[in-house]
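The values are calculated or read from the model by the stated rules, or taken from the named source; none is laboratory data. None of these values were measured; they are calculated from a predicted model. Here the Cβ positions follow ideal geometry from the backbone for every residue, glycine too, while neighbour counts run over all protein chains shown.
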Amino acid sequence: MDMLAAYVASKPWVLRPNIVLVEGTTDEALFQRADELSIQAGGTLLGNELSIVAAGQRDRGGTFGVARELITLRSMVPLVLDRQGRPAYRVIGLVDNDHAGRQIIKDVLKLDRAAAEFRDIVAMRPVSLNFASRFPADRKRESELANGPYRTLDWEIEDAVSARVIRLFEQRHSNLKPRKVRAADKTHHEFSKDGKTAFHRVAQAEATLDDLKEVVSIVAMIKAVMGLR
């Protein structure tokens, strides 16, 4: 067992050649649900090449958890090579596009001068692109252009779930309705802690693959960033 595999074995993670670190367990669970629904529909979302894992639970997760685990794993990646002498693993961080997420991207780039946004860490955005370019600067420009109408809008994984599931949640939990912020045709939902927990329960139980199509688009964007097609 190589050193990175040994480290991953100490975590509740699935080891695959491409690892995506997300902020929390509800993020991870929603991606897993999209994967399960894709398999049921006869498709493949994560497959055997891609693993999306929570950086930690509670105060061990969040943006600081993503930064901590990303820097730790990236320090091991150059030391574990495949038979062709190339790194056997690829690791990136995926964060919310809110103040904390935008700040942690800046912090990671300061701490790890070899890291680049849109290659090693990226924030979710209302429009997820299947980037054609392999250059981070080109990807950043492309994303900023596509997301121009939403540049002032925060964006989290819950915003990628369909309006149908949001309405269903609000019908069942009228006392936990999120605060809504709209820009152009997109809406960001600001949940309370209890509201977010309850929303994810509804999403896990009720969401169809069509309800999670924007979650699937985020995975497609991740694959483009990681060079997976």
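Can you tell me which residue within the stretch 102-125, out of those that are surrounded by fewer than 19 Cβ atoms within 10 Å (Cβ to Cβ), of a type outside the set (D, E, K, R) and not in a loop (DSSP other than H, G, I, E, B), is modelled with the lowest pLDDT? Looking at residues that are surrounded by fewer than 19 Cβ atoms within 10 Å (Cβ to Cβ), of a type outside the set (D, E, K, R) and not in a loop (DSSP other than H, G, I, E, B), I get Leu111. If you go through the stretch 43-72 and keep only what is at negative phi, of a type in the set (D, E, K, R) and surrounded by fewer than 22 Cβ atoms within 10 Å (Cβ to Cβ), you end up with Glu49, Asp59, Arg60, Arg68. No other residue among Gly93, Gly56 is modelled with pLDDT under 95, under 14 Å from the mean Cα position of the chain (by Cα), closer than 17 Å to Ile121 by Cβ and outside any helix (DSSP H, G or I) apart from Gly56. A single entry from Ser217, Ser128, Ser133 fulfils the requirement of being closer than 28 Å to Leu50 by Cα, of a type in the set (Gly, Ala, Ser) and not in a loop (DSSP other than H, G, I, E, B): Ser217.
With respect to being out of contact with any helix residue (DSSP H, G or I) (no Cβ under 9 Å at 6 or more places or on another chain), surrounded by fewer than 19 Cβ atoms within 10 Å (Cβ to Cβ) and outside any loop (DSSP other than H, G, I, E, B), Ala198 falls outside the description. Find all pairs meeting these conditions: Cβ atoms under 6 angstrom apart; at least six residues apart or on different chains; first residue within the stretch 170-193 and within 23 Å of Ala146 (Cα to Cα); second residue part of a loop (DSSP other than H, G, I, E, B) and among the aliphatic types (A, V, I, L, M). Listed by first residue and then by second, the contacts come to Ala183/Leu153; His188/Leu153. Residues in the stretch 109-161 that are polar (S, T, N, Q) and either within 17 Å of Asp98 (Cβ to Cβ) or out of contact with any Ser or Thr (no Cβ under 9 Å at 6 or more places or on another chain) (or both): Ser128, Ser133, Ser143, Asn147, Thr152.
Remark: pairs (first residue in the stretch 203-229, among the polar types (S, T, N, Q); second residue modelled with pLDDT of 95 or more and in a helix (DSSP H, G or I); Cβ separation under 8 Å; 6+ apart in sequence or on different chains) = Gln204/Ala29; Gln204/Leu30; Gln204/Arg33; Thr208/Leu37; Ser217/Ala160.
Each row is one residue, and each column tells you yes or no for (1) part of a helix (DSSP H, G or I); (2) at pLDDT below 95; (3) under 18 Å from Asp120 (Cβ atoms).
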{"position": "Ile39", "(1), (2), (3)": "yes, no, no"}
{"position": "Ser51", "(1), (2), (3)": "no, no, yes"}
{"position": "Gly65", "(1), (2), (3)": "yes, no, yes"}
{"position": "Glu69", "(1), (2), (3)": "yes, no, yes"}
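Residues that are within 19 Å of Val95 (Cα to Cα) and small (Gly, Ala, Ser) were ranked within the stretch 201-226; the one that is surrounded by the most Cβ atoms within 10 Å (Cβ to Cβ) is Ala224. Of the residues making up the stretch 138-158, just one is acidic (Asp, Glu), assigned to a helix (DSSP H, G or I) and under 19 Å from Thr63 (Cβ atoms), namely Glu158. Out of all the residues in the stretch 178-185, is one or more at positive phi, more than 20 Å from the chain's Cα centre (by Cα) and exposed (fewer than 13 other Cβ atoms within 10 Å of the Cβ)? Yes, the conditions are met somewhere in the stretch 178-185.
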